[in-house]
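Scroll down for the structure; my scribbles are underneath it.
Derivation of every value follows stated rules applied to the coordinates shown; laboratory data play no part. Please read all numbers here as calculations on a predicted model, not as lab measurements. Neighbour counts run over all protein chains shown; Cβ positions are idealised from the backbone, glycine included.
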Amino acid sequence: MTPDMKFEALLVSQDLQVLRRTLETMEDLSIDVDICGSPSRALDLLTRRNVDLVILDYDEGNGTAEIAKALSKPGGRLKTTIAALVDGPFSGKQITEAGAHVLIQKPLTDNFKSYFRTLVYSRMVWDWRRHPRYAVRWLVAAKDSKDRPVPVTMENISRVGVGLSFVGKLLVDDILTFRLLLPGTNQIIRFDARVLWRLRDNRAGAEFVNISTVDAGVLDTWLQSRHRVKHGEIPQTTFLSEHRALSV
């Protein structure tokens with residue numbers, strides 16, 4: 001990741017020492033952080049937005065375990081890394097059972113930055129990149145939040161988002177709406193994607209923030225077909241018409 005590729009985090013804590021050390025580390029890694037002192041407020045916020053990382057300042061009975069459980073349940077946020085700051089091994093066992101992926105013991109020392117980079121940040125990068133991306137080169141006309149056309153070239157597509165190149169102005173957090181006919185299908189899929197990062201050479205990455213279950217199923221089937229083509233299980237000629245199969 002580069003500083004232009006923005007991860008977003010939510011920190012749930014009221015401890016000043018935890019806040020200070022964590023915010024210093026996030027700043028060094030160009031991670032945007034929102035702070036919630038109340039676990040109930042954090043739960044409410046997480047029902048309305050996606051984040052890449054949740055950091056829980058855990059104590060038994062303070063409600064943070066409920067956040068881990070909510071994110072880890074079936075249908076929860078599979079891409080959200082959950083890190084828990086714990087007092088000791090016993091409390092660590094409890095929050096791990098609730099769904100935490102990474103534990104870091106308190107009090108936070110000068111080694112926290114190193115632990116965080118090794119245990120948490122590396123996992124976030126791996127999670128983001130583990131979804132197969134299929135290279136394409138499709139000229140499409142997305143629309144912005146004001147329904148204005150935004151010409152982009154789709155460079156790759158996966159189950160979680162798209163890679164783009166563009167001419168003009170495209171900013172992190174912009175929401176783009178796409179209407180796309182995948183090659184070899186007879187259905188137009190629609191989805192909204194939020195720009196997660198952009199680079200100076202006019203490349204950007206966007207994650208899906210709104211796609212129906214039906215459209216997600218069509219996309220997943222198409223991606224599996226591409227996988228079989230790649231590995232020689234079905235003839236490549238099935239997709240010869242892909243460049244004229246787009247609809248915007």
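Annotations for the structure displayed:
- Counting 0.36 nm for each residue step from LEU139 to VAL167 and taking away their Cα separation leaves a gain of 8.9 nm.
- Neighbourhood net charge (10 Å Cβ-Cβ; Lys/Arg +1, Asp/Glu -1) for LEU164: +1
- Label-point gap, in nm, between ASN111 and ALA216 - each point 7 angstrom along Cα→Cβ: 4.0 nm
- Computed Kirkwood radius, in angstrom, where 1/r is averaged over Cα pairs of the range 167-227: 12.8 Å
- Take the Cα of ARG190, step 7 Å toward its Cβ, do the same at GLU27, and the gap between the two points is 4.4 nm.
- Pairwise Cα inverse-distance average, inverted: Kirkwood Rh of the range 7-129 (Å): 14.2 Å
- Here the scattering of the range 90-204 is modelled by Debye summation over its C-alpha atoms, one equal scatterer each and no solvent; at q = 0.11, 0.13, 0.20, 0.22 Å⁻¹ the log10 of I(q)/I(0) is -0.55, -0.68, -1.07, -1.23.
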